[in-house]
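A short worksheet on the structure shown next.
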């Protein structure tokens, strides 16, 4: 390695949304340290999220086996590790490489207090800004440009492939989620769709097809169920081309933020105060609306989610008023 170059390893193993949220730090590192090499270590399943990112020089993939990976990482002679995961795996990597490092604050104790004692002393700071704290060694500044997501040209979905009713513009609604208690119920989604002035495309995985079919059955408007039809990058292409996005707390929510789309984010058992709400550019802070039931005594009931509501009433989602959501989405005609 050339001695005048910084070779930096960024670590984040987790899911789609978490990877997208690291993009601002990666961009600022590369643009403000032009002679640095930025390497990124993540799970193998996240490779497609990063392949097209021009700010990353090399991607390292973890497939649940460090035996071969650690010697390869050691050979790179990294100058610094920016740990944006801060768990036992990233701690193991740091111990093995034995170079200077910094981790971001996870706030786990304060999250535990919010979930278990309903004591919210969480700081008003987004996780992206906490990520920047792990890069303070380099004295980089947040450029305020928000998040990035790069779609390979081969994964762009042409509007001509959509139903004719949707080719002049549509609202994207993300109906899936990893945990059921973070998913806006089909009946609630249908109530929104029935009052929208624009066509709708439902996005989700194969596991969301049945929910999408139910929403279509409950609506009288132009609703196209695309769940399971697109890859992640293709779904991102649909998000990019949408006029606005209604979404659960999912990875596609953060991708929508990366494209600076008008966003309605729906929150059930978790709360935006955990610091994972849509992170928009500093110049467009008003393009996001949060839909939630405030002052519900049982909320938050988890920092992640459950298969079913622990209280069996699911008030955090069922009591969300669709009217403000409809009004926000109907004003998006750009």
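Whether any residue in region 194-203 is modelled with pLDDT of 95 or more, within 21 Å of the chain's Cα centre (by Cα), buried (at least 22 other Cβ atoms within 10 Å of the Cβ) and assigned to a helix (DSSP H, G or I) is what I want to check. No, region 194-203 contains no residue that is modelled with pLDDT of 95 or more, within 21 Å of the chain's Cα centre (by Cα), buried (at least 22 other Cβ atoms within 10 Å of the Cβ) and assigned to a helix (DSSP H, G or I). The residues of region 83-112 that are closer than 30 Å to residue 124 by Cβ and in contact with a helix residue (DSSP H, G or I) (Cβ under 7 Å, 6 or more places away or on another chain), listed by number, are 83, 84, 101, 102, 104, 105, 111.
Taken as a whole, the structure places residue 239 among residues that are in contact (Cβ under 8 Å) with a residue 40 or more places away in the chain, outside any loop (DSSP other than H, G, I, E, B) and not assigned by TED's automatic domain parsing to the domain that holds residue 127. In summary, residue 283 fulfils each of the numbered conditions (1) out of contact with any helix residue (DSSP H, G or I) (no Cβ under 9 Å at 6 or more places or on another chain); (2) free of Cβ contacts under 8 Å to residues at least 24 places away in the same chain with the single exception of condition (2). Of the set (1) touching a residue at least 40 places away in the same chain (Cβ under 8 Å); (2) within 30 Å of residue 297 (Cα to Cα), all apply to residue 119 but (1). For region 165-178, indicate whether the set of residues that are crowded, with 18+ Cβ neighbours inside 10 Å, outside any loop (DSSP other than H, G, I, E, B) and out of contact with any strand residue (DSSP E or B) (no Cβ under 7 Å at 6 or more places or on another chain) is non-empty. No: zero hits.
Scanning region 112-164 for residues that are closer than 23 Å to residue 271 by Cβ, under 21 Å from the mean Cα position of the chain (by Cα) and in a loop (DSSP other than H, G, I, E, B) yields a total of 7.
The values are calculated or read from the model by the stated rules, or taken from the named source; none is laboratory data. Just so it is clear, the structure is predicted and the values come from calculations on it, not from any experiment. Neighbour counts run over all protein chains shown; Cβ positions are idealised from the backbone, glycine included.
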